[in-house]
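The values are calculated or read from the model by the stated rules, or taken from the named source; none is laboratory data. Everything quoted here is computed from the prediction, not taken from an experiment. Glycine gets a Cβ as well: all are built from the backbone with ideal geometry, and neighbour counts include every protein chain shown.
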Amino acid sequence: MNHKNLKIVSPQEAITTVQSGDRVFFQGAAMTPNVLINSLCERYSDLKNVEIVQIHTHGEAKYLEAPYNEAFHLNTFFVGGNVRKGVHSPYGDYVPVFLSEIHWLFRRNILPLDVAFIQVSPPDRHGYCSLGASVDITLPAILTAKKVVAQINPKVPRTHGDGIIHIKNIDLAIEVDEPIHASIIESPTEVEAIIGKNVAGLIEDGATLQMGIGNIPNAVLNNLTNHKRLGIHTEMFSDGILPLVEKGVITGENKEIKTGKIVTCFAMGTQKLYDFIDDNPIVHFKEAGYTNDTAIIRRNPKMTAINSAIEIDLTGQVCADSIGTYQYSGVGGQMDFIRGASLSPGGKPIIAMPSVTNKGISKITPFLKEGASVTTTRAHVHYVATEYGVVNLFGKGLEQRAKALITIAHPDHREALEREANRRFRI
């Protein structure tokens with residue numbers, strides 16, 4: 001690669017942009033710039049009090065392991081598997097924040113950034129590199145960081161939308177040639193397949209969908225092959241939508257916002273997904289401050305948001321990001337889309353989950369665990385789906401909610417839940 005205005009250096013030189021006391025942003029998801037991150041970790045003995053901010057990265061998080069953690073402290077906006085242990089150590093912490101509002105932390109200088117580490121495509125003939133499959137909070141990060149260091153990789157898909165950076169805005173760059181992170185798409189279990197069918201029954205022709213990654217969203221999508229004129233406005237998507245695009249089920253023709261386009265802020269899946277988004281004008285990547293803006297989401301008619309939960313109490317309070325006091329994931333965009341869908345004309349906010357955990361513990365509970373976070377309040381919750389059916393809590397009193405939720409709880413737990421409901425509500 002030879003571009004006169006791009007300063008290509010070694011990874012060791014690139015990371016000299018980071019000084020003690022700096023706040024450093026890491027791009028995440030499929031685009032995690034691991035060569036830069038690992039090189040920075042090797043410099044740990046020269047650094048101290050370096051704060052790292054990110055959403056969800058893939059690969060090793062050495063900066064949370066000894067001896068590297070002597071130099072680094074993580075303040076993450078989402079807790080993924082690679083940092084979960086570290087967040088519960090003295091070297092990491094979690095910032096509860098809506099995905100729609102993270103950009104304000106950078107733009108309003110609440111968490112000003114010294115350096116941003118990103119991974120991009122090689123520049124085109126006009127000098128623009130693509131942020132690939134992760135625009136989310138990366139765009140506001142590169143627009144506000146004092147210095148930008150890029151990992152340039154020909155395997156990065158060039159995506160349409162707002163996720164571009166000109167080489168004049170890249171201070172230093174390194175070159176790599178390796179696949180970006182992929183995730184394996186598993187087949188839904190029998191229970192997940194039933195939940196998928198139950199949720200699909202709520203989705204109308206012409207609806208605009210938001211759903212995340214995982215078996216339940218894929219199970220829902222598997223049941224939509226006979227639907228018509230569906231659209232996508234989401235924070236992320238995976239391989240599950242590809243067959244529906246190929247079959248002409250997803251057309252986006254009824255969407256109010258960017259009609260005909262699949263709107264997202266990041267994508268995570270297999271290489272087939274990355275091939276699909278590469279130079280595809282149908283897919284429009286925006287920053288999370290746009291995709292997750294409730295005022296924008298609500299303008300799409302029949303906006304249908306499908307999210308999950310760790311547990312739901314009998315009044316409808318949803319915990320989706322912690323197991324008691326143990327921070328498991330993050331607030332993310334659940335509330336952004338639950339609220340946006342409920343305000344949309346004909347919209348449907350849906351919480352979908354198995355009735356029990358892998359250990360057989362009921363996910364519908366009398367009370368949330370001690371210390372559990374309320375991700376979505378009971379006033380925001382409408383539809384709740386398990387493998388035993390769907391209930392709509394909107395407009396229902398506390399007693400009615402308890403009765404409704406017990407009908408979709410696992411049969412093994414209904415009697416105990418009824419006893420608790422009787423004790424609490426004197427039903």
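Quick one: which residue in Lys403, Lys396, Lys363, Lys348 is farther than 30 Å from Ser100 by Cβ and either crowded, with 21+ Cβ neighbours inside 10 Å or assigned by TED's automatic domain parsing to the domain that holds Ser308 (or both)?
Lys403
Which residue, of Ala71, Ala14, is in contact with a helix residue (DSSP H, G or I) (Cβ under 6 Å, 6 or more places away or on another chain) and surrounded by 20 or more Cβ atoms within 10 Å (Cβ to Cβ)?
None of the other options fit; the residue is Ala71.
Considering region 383-406 alone, what residues qualify as being β-branched (Val, Ile, Thr) and under 20 Å from Glu190 (Cα atoms)?
Correct list: Val384, Thr386, Val390.
Select from region 406-427 the residues that are surrounded by fewer than 18 Cβ atoms within 10 Å (Cβ to Cβ) and either within 23 Å of Met335 (Cβ to Cβ) or aliphatic (A, V, I, L, M) (or both) and list them in ascending order.
Ala416, Ile427
Collect the residues in region 57-68 that are surrounded by fewer than 24 Cβ atoms within 10 Å (Cβ to Cβ) and touching a residue at least 24 places away in the same chain (Cβ under 8 Å), keeping them in residue-number order.
Within region 57-68, His58, Gly59, Glu60, Lys62, Leu64, Tyr68 qualify.
Looking at region 280-323 only, could you name the residues that are surrounded by fewer than 24 Cβ atoms within 10 Å (Cβ to Cβ), touching a Lys or Arg at 6+ places or on another chain (Cβ under 6 Å) and over 20 Å from Ala207 (Cβ atoms)?
Result: Glu311, Thr315, Gln317.
Filter region 89-104 for residues that are within 18 Å of Gln327 (Cβ to Cβ) and out of contact with any strand residue (DSSP E or B) (no Cβ under 7 Å at 6 or more places or on another chain) and give the result.
Ser89, Pro90, Pro96, Val97, Phe98, Leu99, Ile102
Kindly indicate the residue of region 260-270 that is touching a residue at least 24 places away in the same chain (Cβ under 8 Å) and either in the same structural domain as Ser130 (by TED's automatic domain parsing) or within 24 Å of Met335 (Cα to Cα) (or both) and also farthest from the chain's Cα centre (by Cα) among those meeting that condition.
Checked region 260-270; the qualifying residue farthest from the chain's Cα centre (by Cα) is Ile262.
For Val148, which of the numbered conditions (1) touching an Asp or Glu at 6+ places or on another chain (Cβ under 6 Å); (2) in contact (Cβ under 8 Å) with a residue 40 or more places away in the chain; (3) within 17 Å of Ile37 (Cβ to Cβ) fails to hold?
Of everything listed in (1) touching an Asp or Glu at 6+ places or on another chain (Cβ under 6 Å); (2) in contact (Cβ under 8 Å) with a residue 40 or more places away in the chain; (3) within 17 Å of Ile37 (Cβ to Cβ), Val148 misses just condition (2).
Would you confirm whether any residue within region 132-139 is buried (at least 23 other Cβ atoms within 10 Å of the Cβ), of a type in the set (A, V, I, L, M, F, W, C) and in contact with a strand residue (DSSP E or B) (Cβ under 6 Å, 6 or more places away or on another chain)?
Let us first name the residues in region 132-139 that are buried (at least 23 other Cβ atoms within 10 Å of the Cβ), namely 132-139.
Add one more test, that the residue is of a type in the set (A, V, I, L, M, F, W, C), and what stays is 133, 135, 137, 139.
Retained after the next criterion (residues that are in contact with a strand residue (DSSP E or B) (Cβ under 6 Å, 6 or more places away or on another chain)): 133, 135.
Within region 132-139, one or more residues are buried (at least 23 other Cβ atoms within 10 Å of the Cβ), of a type in the set (A, V, I, L, M, F, W, C) and in contact with a strand residue (DSSP E or B) (Cβ under 6 Å, 6 or more places away or on another chain).
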